[in-house]
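The values are calculated or read from the model by the stated rules, or taken from the named source; none is laboratory data. None of the values given here were measured: they were computed from a predicted structure. Here Cβ is always computed from backbone atoms with ideal geometry, including for glycine, and neighbour counts include all displayed protein chains. With ligands, DNA and RNA removed, areas are computed over all heavy atoms of the protein, side chains included. Shrake-Rupley method; radii C 1.70, N 1.55, O 1.52, S 1.80 Å.
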Amino acid sequence: MQSQCRMELRQLLHFVAVAEEESFTRAAQCSNIVQSALSTSIRQLEEELGAKLFVRNTRKVRLTAVGRAFLEKANIALEALRQGKELVADIRSLRRGKLALGTVQSLPSFIDLPALLENFHDQHPDIEVRLCQGSASHLIEKIRSREIELVILPVEAAHPDLSSQMICCDPLVLACAMEHHLAEMDKVTLKELSGESFIDFEPTYGTRELVDHAFADARLERRVAFEVSDLNTLLELVARGLGVALIPQAVALARKNSIAHVQLADVEICWELAAAYNGGIASDDVLDAAPAAFLGLLMQQGAGHRGEEETPELVKVAVPHAVDAA
C-alpha cells in the first residue's frame, strides 16, 4: 500500500531556494528563516522522497542527479500554483470568469435584461456570459444540477432549498382589447371574469400558475381559449380581441396604446420575481463574484418595483404553492 504523501509547499520553496543559491546560508536568508529550520525542512523532504537531493561540502551545495530531476518538477508545480493563485485573484476581482444565468421567458418590462447585460459587460468585459431561458421548472432543474448559477423566476416557483432575493413586485391587472365590453370599467372582480375566454401561458410558464391559484382559491372556474409560451404573442392576441388576460401592470402600461387594462376589485395578485441560487444558512455554498455582481445590478434595477429603497437581506423563499422540480 502506497504511503500518504506529506510533502508541503514550504518544503518545495526551500528546496528550490537552496538549489538556486547553492548555499543553505544564502537560501535561509532569502527565505527569511533560520538556517537550522531550512536544513530540517530539506532533510524531511529527502526522507519523504527516500533520496538525497543535495551533495554537501564545506564550500558548496550541489544537486544530485535525483535533485536535478526533482527540481524540474518542483518548478512546474510551483508555477502551476502561482498560476492558480493568479487565476483565483482574477476571478474574485472579476478580471475573468463566467456567468451562467437563467431567466423565465416573459420578464416584465421594468426588468430590462439587455440593458442589464450591457451594463454588466461594460463593467466586466472579460466575463463570459451564458444565458438560458425557459420555464421555471426547467430553470430550477438546471440550477439544482449546477448548470447555471443564478436564476430569475417567479417567487412562487422558487424551491425552498434555494436562497432567494425578491427583485420586484407588480400587481396583475385585466388586459383586454380597446373595444372589449370591460375596457371602460374602473375595476372588475374575478367572478365577473370567470365567464370570459382567457389567453394565458402554458402551465409552468409566466404568470399561469399565479392566476390558476387565484381562481382556485376563489372557487371559480375559467376557460383558457389560447395557450401561448411568450408574452408578445399573448399581448397581440389580447389586442385582437381573441380573449382577455391577467398580466403585470407594468406590462399593460407599456402597451397602453394597443390594449386596455382594468384593476382587480376583490383580490390582489402580485407578480413577484426573485433571483435564486444554491446556498443558504444550512449550506456552505457562496455566490461567486460574477453572479454576485450581476445580482447587485439586478436588485438596483428592480428597486423601484419592490416598494422599498434598500436591497433586502437574503431570505429563504417558502410559499404555499412552491414547485418541486426534483
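Sorted by average packing, counted as other Cβ atoms within 10 angstrom per residue and highest first, what order do 81-94, 20-33 take?
Numbers: 81-94: 12.2, 20-33: 15.9.
Descending packing order for the listed peptides: 20-33, 81-94.
Amide H of Ile148 versus every other amide H placed in the peptide plane: which residues, excluding those fewer than 5 positions away on the same chain, fall under 5 Å?
The list, which skips near neighbours in sequence, is Ile143.
Can you classify the range 192-249 as rounded, prolate or oblate using the Cα gyration tensor, where a ≥ b ≥ c are the square roots of its eigenvalues, rounded means a/c under 1.5, and otherwise it's prolate if a/b beats b/c and oblate if not?
Working: a/c = 1.95, a/b = 1.32, b/c = 1.48.
It comes out oblate by the Cα gyration axes.
Between Asn75 and Val129, what is the FRET efficiency for a Förster distance of 51 Å, r being their Cβ-Cβ separation, to the nearest 0.05?
Values: r = 36 Å, r/R0 = 0.71.
Taking R0 as 51 Å, the efficiency between Asn75 and Val129 is 0.90.
Assuming R0 = 41 Å, can you tell me the calculated FRET efficiency for the pair Ala183 and Glu141, based on Cβ-Cβ distance, to the nearest 0.05?
0.55
Please report, as a whole percent, how much of the solvent-accessible surface of the chain comes from carbon and sulfur atoms (probe radius 1.4 Å).
Values: 8630 of 17670 Å².
About 49 percent, which is the carbon plus sulfur part of the accessible surface.
Which value in nm describes the separation of the simple spin-label points at Gln300 and Cys169, placed 7 Å from the Cα toward the beta carbon?
2.4 nm
Can you tell which of Asn57, Cys176, Leu87 lies farthest toward the positive end of the dipole of the chain, using +1 and -1 charges on the Cβ of basic and acidic side chains (Lys, Arg; Asp, Glu)?
Asn57
Could you work out how far helix 208-217 tilts from the main Cα principal axis of the chain, as a 0 to 90 degree angle to the nearest 10?
50 degrees
On alpha carbon coordinates alone, what is the Rg over Rh value for the range 30-114, Rh being the Kirkwood radius? Walk me through the numbers on the way to the answer.
Values: Rg = 24.7 Å, Rh = 17.9 Å.
Checking Rg against Rh, the ratio lands at 1.38.
To the nearest 10 degrees, how steeply does helix 113-123 sit against the main Cα axis of the chain, on a 0 to 90 scale?
30 degrees
With charges only on Cβ, +1 for K and R and -1 for D and E, what is the dipole size of the chain about its Cα centre, in debye, rounded to 20?
Numbers: 32 positive and 47 negative charges, 480 e Å.
Dipole size: approximately 2300 debye.
Which value, in Å² and to the nearest 10, is the accessible area of Leu237 when all protein chains are kept and the probe is 1.4 Å?
Number for this one is 30 Å².
Accessible surface of His121 in the full protein assembly, 1.4 angstrom probe, to the nearest 10 Å²?
Surface accessible to solvent at His121 totals approximately 100 Å².
Springs between alpha-carbon atoms under 10 Å, Gaussian network over the chain: tell me which of Ala276, Ala216, Ala157 tops the mean-square fluctuations.
Among Ala276, Ala216, Ala157, the largest mean-square fluctuation in the Gaussian network model of the chain belongs to Ala216.
On a full-extension model of 0.36 nm per residue, what is the gain between Cys30 and Phe226, subtracting their alpha-carbon distance, rounded to one decimal in nm? The partial results should precede the final answer.
On the way: separation 196, 0.36 × 196 = 70.56 nm, distance 7.69 nm.
Full extension from Cys30 to Phe226 adds 62.9 nm.
Quick one: how many lysine pairs in the chain have C-alpha atoms under 30 angstrom apart, if they're 8 or more apart or on different chains?
For the chain, qualifying lysine pairs total 11.
When only DSSP loop residues count, what trypsin sites (Lys or Arg not before Pro) in the range 178-246 have their Cβ near at most 16 other Cβ atoms within 10 Å?
On the way: sites: Lys187, Lys191, Arg208, Arg219, Arg222, Arg223, Arg240; in loops: Arg219, Arg222, Arg240.
The qualifying sites are Arg219, Arg240.
Go ahead and estimate [θ] at 222 nm for the chain from helices alone: -39,500 (n - 2.57) per DSSP H run with n ≥ 4, summed, over the residue count, rounded to 500. Numbers along the way, then the final one.
Values: 11 runs with 127 residues, N = 326.
Per the formula, -12000 deg cm²/dmol.
Where a ≥ b ≥ c are the square roots of the eigenvalues of the C-alpha gyration tensor, would you call the range 98-171 rounded, which needs a/c under 1.5, or, failing that, prolate if a/b is larger than b/c, or oblate? Walk me through the intermediate numbers first.
Numbers: a/c = 1.97, a/b = 1.24, b/c = 1.59.
Oblate, since a/c reaches 1.5 and b/c is not below a/b.
Of all alpha-carbon pairs in the chain, indicate the percentage at a distance above 28 angstrom.
57 percent
What order, most packed first, do the peptides 245-253, 146-154 have when packing is the mean number of other Cβ atoms within 10 Å of each residue?
Numbers: 245-253: 23.4, 146-154: 21.6.
Answer by packing, highest mean first, reads 245-253, 146-154.
So how far apart, in nm, are the two label points at Gln44 and Glu236 if each is 7 Å from Cα heading toward Cβ?
So the label points at Gln44 and Glu236 sit 7.2 nm apart.
Could you tell me how many degrees, from 0 to 90 and to the nearest 10, lie between the Cα long axis of helix 35-49 and the main elongation axis, the longest principal axis, of the Cα atoms of the chain?
80 degrees
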